[in-house]
Amino acid sequence: MTTNLYAAAVQQFDKAARYLDIDPGLAAYLRLPKRELTVNFPVEMDDGSVRVFTGYRVHHSAALGPTKGGLRYHPSVSLDDTRALAMWMTWKCAVLGIPYGGAKGGVVCAPHELSVRELENLTRRYATEISVLMNPQGDIPAPDVGTGEREMAWIMDTYSMHHGYSVPAVVTGKPLAIGGSLGRREATGRGVMLTTLEALKRKRITIKGARIAVQGFGKVGAPAAYLTQERGARIVAVSDAQGGVYHPGGLACRELVRHADQHGTVCGYPGAEPISNADLLQLECDVLMLCALENQITAANAPSVRARIIAEGANGPLTPEADEFLIKKGVFIIPDVLCNGGGVSVSYFEWVQGLQSFFWTEDEINERLRQIMVRGFHQVSRLAHKKRVDNRTASQILAIERVAAAMTQRGIYP
Ligand code: NAD
């Protein structure tokens, strides 16, 4: 069973590379991260003690532009996971035509067990440690699991303090007040919704009343759920790390967001039945949106999946074995590098706006995002059809081809 994310990412790469005529040397290079940094650093805790934390920042490729990718705060953060997530960022940007390379970072920690002051100390020190790589022209972090606008504000401030002037373009996913972009908060979920609408059309399922189950109700899952509901779908179940709620008639997702904000979980939402995460994945539904973490569907539970479409809001939610099984079963999978690329697209808009100090309207942002997601979806679908491959392989073929072409045209230095 392949649960090592980096091994899974390399396996996907090898599968796609077989369809491409790229130089074996270039292929060998693209299987590896370009550079990786491990930092061990001390943080002063509230009780006066000093605790050592470990963090990473990995750049997979900078062939298409500055490296871009989120920062994860989670106890399971590892160098191998960070490598995989960085590689997927390269393919994500390339497949959507965003002029960035791929990166990822993270700190091994349980953010919910730290006070706000401890988190701020940790974030400012980590930002300083990775500042040998991070800068607005070269490497631009963003939020991921366990981080959000608050952490991005601390990073932007730390970097700016070291430089003596404000540098908003050093991170994206910032609060609006300091140069964040309208639409960024919902962008990843909006992209999940937009690609899901295209997949429903492809499968000739009408959106009105389509039954959707959503695993993970965080920055990606919650907007994906309410935006899809607002297009007419029925969100029959949602879950978070503590459990889930189910209502065959459809949950009121915006109210559920308020409930989750107040109680820290969707559990206990009035009028809905409880459902376990394991059962949610097995619900009979039109779309299963996987918006939590990696490796959620494995060889063990794949045979029980009864969804017709899987939307990968999360990165790597299927193991390679589960992926193969579900493709054979005929499930339409919207692969992560396409499905959740709305976040990096609006991060790119935020960066462009920050560099120009000129800000766009929310309608403009949402419309540009729609164009990127729909174009990406159709380019991947066309290639999948032409080469008779699954959507994931098609998205990687498209991306690898673009990155390899950039590398070939740039040439090998010196
Ligand atoms: P988040 O921390 O805001 O939300 C994660 C959600 O998943 C939470 O509701 C959490 O309770 C839930 N969860 C965790 N473990 C679970 C489990 N075992 N079962 C059910 N739910 C569980 O994180 P996020 O930013 O929403 O990221 C989710 C996924 O989307 C990650 O894979 C991330 O890499 C990916 N992603 C995020 C963005 C972004 O812009 N935030 C962009 C692209 C991809």
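Rundown of residues vs (1) within 12 Å of the ligand (Cβ to nearest atom); (2) not β-branched (Val, Ile, Thr), yes/no style:
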| residue | (1), (2) |
| --- | --- |
| Val170 | no, no |
| Pro175 | no, yes |
| Leu182 | no, yes |
| Gly189 | yes, yes |
| Lys203 | no, yes |
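When region 290-318 is filtered for residues that are over 16 Å from the mean Cα position of the chain (by Cα), within 14 Å of the ligand (Cβ to nearest atom) and open to solvent by less than 10 Å² (accessible area, probe 1.4 Å), only Ile297 remains. Among the residues that make up region 332-343, is at least one of them open to solvent by 40 Å² or more (accessible area, probe 1.4 Å) and not aromatic (Phe, Trp, Tyr)? No: zero hits. Identify all residues within region 366-384 that are basic (Lys, Arg), surrounded by 14 or more Cβ atoms within 10 Å (Cβ to Cβ) and either farther than 30 Å from Ala177 by Cα or touching a residue at least 40 places away in the same chain (Cβ under 8 Å) (or both); write none if there are none. Within region 366-384, just Arg370 meets the criteria. If I filter region 349-356 for residues that are of a type in the set (D, E, K, R) and assigned by TED's automatic domain parsing to the domain that holds Leu200, do I get at least one hit? No: zero hits.
Residues that are polar (S, T, N, Q) number at least 1 in the following helices (runs of 4 or more DSSP H) confined to region 326-414: 342-356, 362-387, 391-410. Evaluation of Arg18 against the conditions (1) basic (Lys, Arg); (2) under 22 Å from Ala142 (Cα atoms); (3) open to solvent by 30 Å² or more (accessible area, probe 1.4 Å) shows that the sole unmet condition is (2).
So which residues in region 130-176 are buried (at least 20 other Cβ atoms within 10 Å of the Cβ) and of a type in the set (Lys, Arg)? Lys174 - this is the single residue of region 130-176 that is buried (at least 20 other Cβ atoms within 10 Å of the Cβ) and of a type in the set (Lys, Arg).
Looking only at region 99-119, decide whether some residue is over 19 Å from Val77 (Cα atoms), buried (at least 24 other Cβ atoms within 10 Å of the Cβ) and modelled with pLDDT of 95 or more.
To start, the set of residues in region 99-119 that are over 19 Å from Val77 (Cα atoms) comprises 99-101, 115-117.
Filter once more, so that each one left must be buried (at least 24 other Cβ atoms within 10 Å of the Cβ): 100-101.
From what is left, the residues that are modelled with pLDDT of 95 or more are 100-101.
The answer is yes, given that some residue of region 99-119 is over 19 Å from Val77 (Cα atoms), buried (at least 24 other Cβ atoms within 10 Å of the Cβ) and modelled with pLDDT of 95 or more.
In region 169-187, the residues that are farther than 12 Å from Ala142 by Cα form Cβ pairs under 9 Å with partners that are among the β-branched types (Val, Ile, Thr) and surrounded by 24 or more Cβ atoms within 10 Å (Cβ to Cβ), at six or more places apart or across chains, as follows: Ser181/Thr172; Ser181/Val346; Leu182/Val346; Gly183/Val346; Glu186/Val346; Ala187/Val344; Ala187/Val346.
Selection of region 126-141 for residues being over 10 Å from Trp154 (Cβ atoms) and of a type outside the set (Val, Ile, Thr) yields Glu129, Ser131, Leu133, Met134, Asn135, Pro136, Gln137, Gly138, Asp139, Pro141. Within region 80-97, if we keep just the residues that are assigned to a helix (DSSP H, G or I) and of a type outside the set (A, V, I, L, M, F, W, C), the residue that is farthest from Val337 (Cα to Cα) turns out to be Asp80. Of all residues in region 18-37, at least one satisfies being within 19 Å of Pro75 (Cα to Cα) and not assigned by TED's automatic domain parsing to the domain that holds Gln296. From the list Val214, Val287, the lone residue that is of a type in the set (A, V, I, L, M), within 12 Å of the ligand (Cβ to nearest atom) and closer than 29 Å to Val77 by Cα is Val214.
Going residue by residue through region 40-49, is there one that turns out to be among the aromatic types (Phe, Trp, Tyr), touching a residue at least 60 places away in the same chain (Cβ under 8 Å) and over 24 Å from Gly148 (Cβ atoms)? Among the residues of region 40-49, not one is among the aromatic types (Phe, Trp, Tyr), touching a residue at least 60 places away in the same chain (Cβ under 8 Å) and over 24 Å from Gly148 (Cβ atoms), which makes the answer no. Scanning region 125-153 for residues that are of a type in the set (A, V, I, L, M, F, W, C) and either more than 12 Å from the ligand (Cβ to nearest atom) or in contact with a His (Cβ under 7 Å, 6 or more places away or on another chain) (or both) returns Ala127, Ile130, Val132, Leu133, Met134, Ile140, Val145, Ala153.
On the stretch given as region 93-102, residues that are within 13 Å of the ligand (Cβ to nearest atom) and either under 21 Å from Glu151 (Cβ atoms) or touching a Cys at 6+ places or on another chain (Cβ under 8 Å) (or both) total 1. Count of region 324-337 residues, restricted to those that are in contact with a strand residue (DSSP E or B) (Cβ under 8 Å, 6 or more places away or on another chain), within 16 Å of the ligand (Cβ to nearest atom) and aliphatic (A, V, I, L, M), is 2. Of the residues in region 344-365, how many are open to solvent by 10 Å² or more (accessible area, probe 1.4 Å) and more than 18 Å from the chain's Cα centre (by Cα)? So the count comes out to 12.
The values are calculated or read from the model by the stated rules, or taken from the named source; none is laboratory data. This one's a predicted model, so the numbers in the text were calculated from it and none came from an experiment. Quick reminder, even Gly has a Cβ in these numbers, built from the backbone with ideal geometry, and neighbours come from all protein chains shown. Please note that ligands, DNA and RNA were not included when accessible areas were found on the heavy atoms of the full protein model with its side chains. Shrake-Rupley method; radii C 1.70, N 1.55, O 1.52, S 1.80 Å.
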